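Report on the structure given below.
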Amino acid sequence: MNSPQKRIVVIGATSAIAHQCSRLWAQQGPCDFLLVGRDARRAEPLAADLCARGAGVTARTAALRFDDVDAIAALAREATAAGPVDIVLIAHGSLPDQTACQDDLHAAQEALRVNGLSPALIAEAFIGPMQRAGHGRLCIIGSVAGDRGRKSNYIYGAAKGLVDRYAQGLQHRLALAGSPVRVTLAKPGPTDTPMTAHLKQGGARLASAEAVAQGIVSAIAAGRPVVYAPVKWALIMLVIRHLPRFLFNKADI
């Protein structure tokens, strides 16, 4: 007997981490993917790649303006209309230039909207149908940058801090309701993706997208509330979060 397809929605499907997560799911068994991005055409090669990776894998693409609340609501309705989804991965984002955000309020607004507000709104649109169905896993990709505000990236970090608090509240809501739906907040450290190419050129040591994706996929399957990827960042950020302010304010990080 053939296994039923897992129904998986990937928001920000063209991101390197999202693509690697999707590849892992496609290799595990039959899946039906809805790959969502700003430009659906950019996701079409990814859909073809996934369909070639396993029997019973299907994929379609959709475009979404991440700042359009009506479009977000419509996407969630369409994605859940045919039945419960198994996994929703919210992985879109940008890595803004901190100095540009300090100098230009429009740049700061866009960074906060893309990296903080829109992931929370998309999660909120999907979690209602998932809770009513009593089924599914939702994962939001945050960042270690959300653990403590730092000079080098505090606009981005503030957006990811919003995602962190949102995920905590959502987990609390589901726990009090006795829901079997699980929410995972993924917190990658610096990862080797096109978005961080400038960091790599500067000599930064970056984790591979494949390794980060493996940690995220495993955490979603286990229903873990938080995953740092790679796991060493859990210890690093524990230290950074608990540094006394008088020491922290002397550290150029």
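The values are calculated or read from the model by the stated rules, or taken from the named source; none is laboratory data. Values in this document were obtained by computation on a predicted structure and should not be read as measured data. Cβ atoms come from the backbone with ideal geometry, glycine included; neighbour counts cover every protein chain shown. Calculation scope for accessible area: heavy atoms of the full protein, side chains included, ligands and nucleic acids excluded. Shrake-Rupley method; radii C 1.70, N 1.55, O 1.52, S 1.80 Å.
Rounded to the nearest 0.05, what FRET efficiency do Leu243 and Arg173 give with R0 = 30 Å and r taken as the Cβ-Cβ distance? Could you check?
0.45
Looking at (i) 62, 42, 35; (ii) 52, 40, 32; (iii) 49, 40, 35, which value of Cα extents along the principal axes in Å comes from a calculation on the structure shown?
Only one option fits the structure, namely (i).
What does the net charge come to around Ala219 if you take all other residues with beta carbon closer than 11 Å to its beta carbon, with K and R at +1 and D and E at -1?
Around Ala219, the surrounding residues sum to +4.
Report the local net charge at Val69: Lys and Arg +1, Asp and Glu -1, summed over other residues whose C-beta lies under 12 Å from its C-beta.
Counting the neighbours of Val69, the net charge comes to -2.
Quick check: pseudo-label points 7 Å beyond the Cα along Cα→Cβ at Ala100 and Gln27, how many nm apart are they?
Each label point is offset 7 Å from its Cα along the Cβ direction, giving 3.4 nm.
In degrees between 0 and 90, to the nearest 10, how far off the longest principal axis of the chain does helix 209-222 point, with axes built from Cα atoms?
That works out to roughly 60 degrees.
Near Val183, within a Cβ-to-Cβ distance under 15 Å, what is the net charge of the other residues, with Lys and Arg +1 and Asp and Glu -1?
+3
Provide the gained length on full extension for the span Thr58 to Ile253, in nm with one decimal, where the gain is 0.36 nm per separating residue minus the Cα-Cα distance.
65.8 nm
Could you derive backbone 3J(HN,Hα) for segment 41-54 from the dihedral phi with the Karplus parameters 6.51, -1.76 and 1.60 (θ = phi - 60°), listing whole Hz in sequence and x where the residue is Gly or Pro?
5, 5, 8, 4, x, 5, 4, 4, 4, 5, 5, 7, 9, x
So which lysines pass the test for Lys232, namely a Cα distance under 23 Å, with those fewer than 8 places away in the same chain ruled out?
Lys151, Lys160, Lys187, Lys200
Using alpha carbons only, what's the Rg to Rh ratio of segment 27-129 with Rh from Kirkwood?
On the Cα set of segment 27-129, Rg over Rh gives 1.04.
Can you tell me which of 235-247, 164-176 comes out highest on packing, and rank the rest after it, using the mean Cβ neighbours within 10 Å?
Ranked by mean Cβ neighbours within 10 Å, highest first: 164-176, 235-247.
Taking the chain as the reference, fit the longest principal axis to its C-alpha atoms, fit the long axis of helix 69-81 to the helix C-alpha atoms, and give the angle between the two in degrees, 0 to 90, nearest 10.
It works out to around 40 degrees.
For the residue pair Glu110 and Lys151, what label-to-label distance in nm results when each label sits 7 Å from Cα along the Cα-to-beta-carbon direction?
2.6 nm
How large is the charge dipole for the chain, taken about the Cα centre, if only the Cβ atoms of Lys, Arg (+1) and Asp, Glu (-1) carry charge, to the nearest 20 debye?
Dipole magnitude for the chain comes out near 740 debye.
Let's see if you can work this out: charge +1 on each Lys and Arg Cβ, -1 on each Asp and Glu Cβ, no other charges. What is the dipole magnitude of segment 27-107 about its Cα centre, in debye to the nearest 20?
380 debye
Find, to one decimal place in angstroms, the Kirkwood hydrodynamic radius of segment 100-164, where the mean of 1/r is taken over every pair of different Cα atoms and then inverted.
In segment 100-164 this quantity evaluates to 12.8 Å.
Under the rule of -39500 (n - 2.57) per DSSP H run of 4 or more residues, summed and divided by the residues of the chain, what mean residue ellipticity at 222 nm is obtained, to the nearest 500 deg cm²/dmol?
It lands at -15000 deg cm²/dmol.
Determine the share of the chain's accessible area contributed by carbon and sulfur atoms, expressed in whole percent, with a 1.4 angstrom probe.
Answer for the chain is 56 percent, counting heavy atoms of protein chains only.
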